[in-house]
Amino acid sequence: MLMKYLCTAFFCVFPIVNHAAGKEFTEHDMAHYRERIKSMFYHAYNSYLENAYPYDELRPLTCDGQDTWGSFSLTLIDALDTLLILGNKTEFQRVASVLQENINFDSDVNASVFETNIRVVGGLLSAHVLSKKAGMELEAGWPCSGPLLRMAEEAARKLLPAFQTPTGMPYGTVNLLRGVNPTETPVTCTAGVGTFILEFSTLSRLTGDPVFEKVARKALRELWKTCSDIGLVGNHIDVFSSKWVAQDAGIGAGVDSYFEYLVKGAILLQDEELHSMFLEYDKAIRNYTKYDDWYFWVQMHKGTVSMPVFQSLEAFWPGLQSLIGDLDSAMKTFLNYYTVWKQFGGLPEFYSIPQGYTVDKREGYPLRPELIESAMYLYRATADPTLLQLGRDVVESIEKISRVDCGFATVKDVRDHKLDNRMESFFLAETLKYLYLLFDPDNFLHNDGSHFDTVSGPHGDCVLGAGGYVFNTEAHPLDPAALHCCSQARTERWEIEEILSGEREPPKSQTSSTGEPHEQTERIILQDRKKRKTPVLSCPSQPFSSKLSILGQVFSTENT
Ligand code: DMJ
């Protein structure tokens with residue numbers, strides 16, 4: 001009785017935590033779904049090992065393998081930290097040594113700079129940071145050194161030649177053995193420029209070599225300079241001239257993880273500059289692209305709608321909004337997207353919002369994670385049972401529609417549930433990981449700070465694994481404490497070097513015009529663009545003209 005009274009009182013004080021979840025999903029239900037997700041993982045993972053390894057990916061319909069992104073057994077690297085998150089330390093340890101013995105980055109292969117970074121560099125970095133948790137033998141100096149860190153560094157060094165452009169914004173592809181191909185196009189997508197800061201700053205701060213963070217920051221700052229007068233960026237840019245060659249602004253394909261890395265980079269590095277950039281974009285995105293809690297594609301200079309379409313990739317946005325505390329808007333948008341899932345039992349790549357239906361040639365669902373990722377973040381923030389319902393629907397749909405004898409197959413068309421012979425590595429790295437984390441509130445990754453490891457670092461004792469992990473865009477968790485542990489003194493020195501070389505603005509005065517010290521929150525809020533005298537972050541407009549085909553559609557653009 002007393003318990004009942006206390007619980008009732010608790011609801012009144014904290015209405016945001018909806019404990020109705022307890023009614024719909026009991027402990028037993030949660031455990032049931034965890035087991036289901038584990039068995040999905042092992043069905044796919046074992047099939048990859050038996051039929052596809054050492055190729056990058058499993059072909060689930062023909063029970064064999066294929067190289068897709070670079071011939072580095074990609075699925076094994078991408079799945080490694082998921083093994084630990086599901087509690088399998090022995091297999092994590094086995095795979096970590098298999099990778100050390102077998103992966104060779106000196107191959108004559110053209111690889112995507114973006115994909116290699118998020119999947120390979122990100123996967124290895126995360127495995128390195130988690131290797132104590134996984135019970136691996138650690139070398140002296142860990143977490144500032146270790147075999148998996150050296151592998152991540154080796155892979156990242158292969159990408160560095162791509163950043164040698166007149167602007168510092170990277171090419172899209174690099175040959176791992178020979179560097180950038182002389183015929184390589186200078187046109188790349190926005191996310192391909194702005195999705196490096198998490199992995200590259202982690203590398204720099206763990207190893208002590210500033211080169212990675214420097215190139216990632218330079219690319220971000222150059223990209224920032226190109227945003228339009230109304231504060232938006234386009235979809236594809238020429239990295240030689242900084243001219244936009246596709247001017248569609250939105251939050252999905254080609255752009256998505258750029259915004260994600262501004263927010264997560266700000267969190268991982270406690271970086272005011274990245275936070276300010278995101279807040280400016282967020283304002284413009286809300287002003288020009290948001291309609292009834294959906295997000296459209298618009299012309300980046302005029303804000304006119306170019307494509308009233310929801311893309312499956314955009315479903316990460318509510319999760320990102322939850323990280324900046326915008327829960328109300330996040331939930332509304334999430335519920336819009338959930339209706340699309342319910343309509344088809346999956347998310348089509350493109351969904352026409354006015355027609356309420358799929359878009360020609362974009363009817364597939366390659367088992368992407370984004371909607372589940374958002375559900376995971378929002379459930380942590382709200383405990384709303386609707387988010388578990390989405391998780392349940394996803395498990396049931398994927399099992400029913402996509403499970404085959406040799407794994408799980410991409411859905412070619414959500415209208416008839418025909419399948420394609422592909423299982424992308426993100427299914428094991430992200431989709432199943434986020435699903436599992438949704439149903440596992442006690443997972444070590446959700447740690448509230450009450451469990452931690454103490455190790456001695458180069459600047460004294462370090463407290464690691466206390467929580468607050470930051471996921472890269474391929475769902476590989478990074479521990480901010482490890483960066484801090486290895487880099488305390490170094491980063492201050494780099495910052496001074498950057499200020500002296502003019503690459504970074506000196507810190508603003510800590511006192512306001514009234515002589516009062518600024519609050520931390522005041523310092524990171526930018527003034528309205530028009531009212532600023534000297535912009536903290538300059539954002540000039542770009543003259544431009546082109547007619548291009550992107551994302552399977554043709555858009556015409558005019559001079560602005
Ligand atoms: C993943 O490789 C990453 O999440 C990336 O940011 C977007 N595309 C896939 C998953 O859909």
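The values are calculated or read from the model by the stated rules, or taken from the named source; none is laboratory data. Just so we're clear, the structure is a prediction, and the values are computed from it rather than from any experiment. Positions of Cβ are generated from backbone atoms using ideal geometry, with glycine treated the same way; all protein chains shown enter the neighbour counts. To get the accessible areas, we keep the full protein, side chains included, count just its heavy atoms, and leave off ligands, DNA and RNA. Shrake-Rupley method; radii C 1.70, N 1.55, O 1.52, S 1.80 Å.
Descriptive notes on the structure:
- Just so you know, in the range 177-209 the residues that are assigned to a loop (DSSP other than H, G, I, E, B) and crowded, with 21+ Cβ neighbours inside 10 Å include one that is nearest to the ligand (Cβ to nearest atom), and it is THR195.
- When ALA79 is tested against (1) under 27 Å from VAL180 (Cβ atoms); (2) touching a residue at least 40 places away in the same chain (Cβ under 8 Å), exactly one condition is not met: (1).
- Among the residues listed as LYS283, LYS264, the single one being open to solvent by less than 10 Å² (accessible area, probe 1.4 Å), modelled with pLDDT of 95 or more, farther than 21 Å from THR188 by Cα and not polar (S, T, N, Q): LYS264
- Sole residue being in a loop (DSSP other than H, G, I, E, B), in contact with a helix residue (DSSP H, G or I) (Cβ under 9 Å, 6 or more places away or on another chain), open to solvent by less than 10 Å² (accessible area, probe 1.4 Å) and closer than 25 Å to PRO186 by Cα, chosen from GLY234, GLY254: GLY234
- Among (1) part of a strand (DSSP E or B); (2) within 15 Å of the ligand (Cβ to nearest atom); (3) of a type outside the set (A, V, I, L, M, F, W, C), the one test that SER456 misses: (2)
- Taking the listed residues GLY65, GLY123, the one that is outside any helix (DSSP H, G or I) and touching a residue at least 12 places away in the same chain (Cβ under 8 Å) is GLY65, with no other qualifying.
- For HIS275, the conditions (1) open to solvent by 10 Å² or more (accessible area, probe 1.4 Å); (2) within 16 Å of the ligand (Cβ to nearest atom); (3) in a helix (DSSP H, G or I) are fulfilled apart from (2).
- If you go through the range 110-129 and keep only what is touching a strand residue (DSSP E or B) at 6+ places or on another chain (Cβ under 7 Å) and either farther than 15 Å from GLY70 by Cα or more than 16 Å from the ligand (Cβ to nearest atom) (or both), you end up with ASN110, LEU125, SER126, VAL129.
- In the range 423-437, the condition of being in a strand (DSSP E or B) and within 16 Å of the ligand (Cβ to nearest atom) is met by at least one residue.
- Among residues of the range 97-115, those that are in contact with a helix residue (DSSP H, G or I) (Cβ under 6 Å, 6 or more places away or on another chain) and closer than 24 Å to GLU424 by Cβ, counted: 3
- Pairs with Cβ under 8 Å, 6+ apart, first in the range 467-481 and at pLDDT 95 or above and open to solvent by 10 Å² or more (accessible area, probe 1.4 Å), second in a loop (DSSP other than H, G, I, E, B) and within 14 Å of the ligand (Cβ to nearest atom): THR473/THR195
- Exactly one residue out of LYS264, LYS243, LYS283, LYS302 is within 16 Å of the ligand (Cβ to nearest atom) and among the charged types (D, E, K, R), and it is LYS264.
- Helices (runs of 4 or more DSSP H) wholly inside the range 294-407 containing at least 3 residues that are open to solvent by 10 Å² or more (accessible area, probe 1.4 Å): 327-344, 370-382, 385-397
- Filtering the range 473-487 to residues that are acidic (Asp, Glu) and more than 16 Å from the ligand (Cβ to nearest atom) leaves only ASP479.
- Qualifying residue in the range 387-394 (condition: within 15 Å of the ligand (Cβ to nearest atom), within 25 Å of GLU24 (Cβ to Cβ) and within 17 Å of the chain's Cα centre (by Cα)): no
- Count of the range 346-373 residues which are within 12 Å of the ligand (Cβ to nearest atom) and among the hydroxyl-bearing types (Ser, Thr, Tyr): 1
- Restricted to the range 413-422, and to residues there that are within 16 Å of the ligand (Cβ to nearest atom) and open to solvent by 10 Å² or more (accessible area, probe 1.4 Å), the residue that is nearest to MET40 (Cα to Cα) is ARG422.
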